[in-house]
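The values are calculated or read from the model by the stated rules, or taken from the named source; none is laboratory data. Remember, it's a predicted structure, so these values are computed and weren't measured experimentally. Here the Cβ is made from the backbone with ideal geometry for all residues, glycine too, and neighbour counts use every protein chain on show.
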């Protein structure tokens with residue numbers, strides 16, 4: 001069975017040279033404790049967000065700084081121990097305006113968190129204390145990062161990873177180490193999360209000491225399938241913007257529908273991100289993809305609200321992994337007594353981390369309940385079943401192909417520039433079209449849309 005090098009994946013994540021640099025430093029026989037601590041900080045920060053305001057992680061936990069889980073048991077007590085009352089826990093937790101951590105405070109909180117985890121792993125009664133001196137510096141760091149992310153459920157004494165590492169140290173049998181590496185790379189991502197797959201790739205490189213990790217054809221197929229399913233879930237959940245309005249030189253914004261790629265096109269794109277482009281979809285990969293029971297014709301739309309390029313430099317988007325915005329995207333179609341769609345929707349009221357629009361561009365909004373804020377996706381233009389242009393076109397009652405002052409909706413439309421990037425509209429972030437000198441928006445079939453992807 002052939003093997004495929006996954007160093008290409010690290011290249012695509014722009015981290016190959018960085019991780020190789022870490023490995024080179026860690027291999028230095030004269031490595032100092034201070035140098036190890038600095039490399040550990042850089043590597044963990046590479047894998048975690050480092051944000052001054054709180055956000056919800058993939059599991060729904062309120063998190064801040066470098067992976068500090070504010071919902072964890074004992075989190076507030078740990079917080080008080082670190083800051084001694086100088087930083088209000090509840091203000092950060094509740095995202096009170098003006099409440100944020102400075103970079104030194106983020107580092108201080110991280111240092112405490114990592115010291116607790118290090119003690120749990122390698123302290124007097126630590127999980128791996130008995131083999132600490134037999135582990136290389138890079139292996140030790142990989143285990144610390146895995147524990148930082150997944151806790152004892154990932155590398156604890158009841159895991160196969162723990163058994164394999166212990167047996168490898170005791171016997172020197174490479175097969176045990178290979179099993180542990182496979183556990184990291186292929187079996188620790190039951191949620192099929194793309195970001196987690198990328199993290200495991202970096203941790204696998206650190207654990208093995210080799211940025212050119214090789215895997216079997218079947219293992220590559222698994223990784224591809226994981227990422228394809230993750231991408232499918234992202235599309236269905238609508239966590240990224242795709243379509244936006246392109247500006248012309250006349251103050252008129254134009255948009256036209258461009259069909260999304262079908263599902264198999266997305267698979268081919270994902271394959272290019274995972275293995276060399278010359279590799280065909282072989283039976284192993286096809287088998288894993290077929291296990292999802294997707295029809296090849298499946299086409300899923302992302303939520304793509306109309307977005308305006310306000311400064312003429314192109315619409316600038318924020319990748320969901322770097323976004324600090326939380327916004328309610330999910331809606332349910334309402335039905336009548338006979339079960340037929342009645343033309344209305346209800347939001348689920350849950351804000352989720354989303355790919356976003358940078359503060360110098362804006363989202364087109366309509367305050368349908370007249371409460372002065374943008375409450376959810378229902379007050380933007382663009383749902384999972386239609387583009388923003390299609391939805392805005394419904395307000396073009398005179399059918400002239402533009403929304404302008406002749407249309408009743410024009411005076412109610414506003415542009416939201418999320419200046420603080422929190423996903424919550426404030427009064428000073430909302431402006432009318434007239435205030436921005438926008439005379440009309442083209443909604444005809446001949447207008448132009450550009451496709452963007454942020455996740």
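Before moving on, here are some points about what is shown:
- In segment 1-35, the qualifying residues are those that are surrounded by 12 or more Cβ atoms within 10 Å (Cβ to Cβ) and part of a loop (DSSP other than H, G, I, E, B), and the one that is modelled with the lowest pLDDT is 6.
- Number of the condition not met by residue 450 [criteria: (1) modelled with pLDDT under 90; (2) farther than 15 Å from residue 363 by Cβ; (3) outside any strand (DSSP E or B)]: (3)
- Restricting 210, 138, 179 to those that are at pLDDT 90 or above and over 23 Å from the mean Cα position of the chain (by Cα) reduces the list to 138.
- So residue 350, is it in contact (Cβ under 8 Å) with a residue 12 or more places away in the chain, closer than 30 Å to residue 65 by Cβ, within 30 Å of the chain's Cα centre (by Cα) and surrounded by fewer than 16 Cβ atoms within 10 Å (Cβ to Cβ): yes
- Failed condition for residue 431, given (1) at pLDDT 90 or above; (2) more than 20 Å from residue 312 (Cβ to Cβ); (3) surrounded by fewer than 18 Cβ atoms within 10 Å (Cβ to Cβ): (2)
- Every residue from segment 36-60 that is in a loop (DSSP other than H, G, I, E, B), exposed (fewer than 14 other Cβ atoms within 10 Å of the Cβ) and on the phi < 0 side of the Ramachandran plot: 58, 59
- Residue selected from segment 135-167 under the condition touching a helix residue (DSSP H, G or I) at 6+ places or on another chain (Cβ under 9 Å) and loosely packed, with under 15 Cβ neighbours inside 10 Å, by the criterion nearest to residue 68 (Cα to Cα): 151
- Subset of segment 141-159 [part of a helix (DSSP H, G or I) and without any contact (Cβ under 8 Å) to a residue 24 or more places away in the chain]: 153
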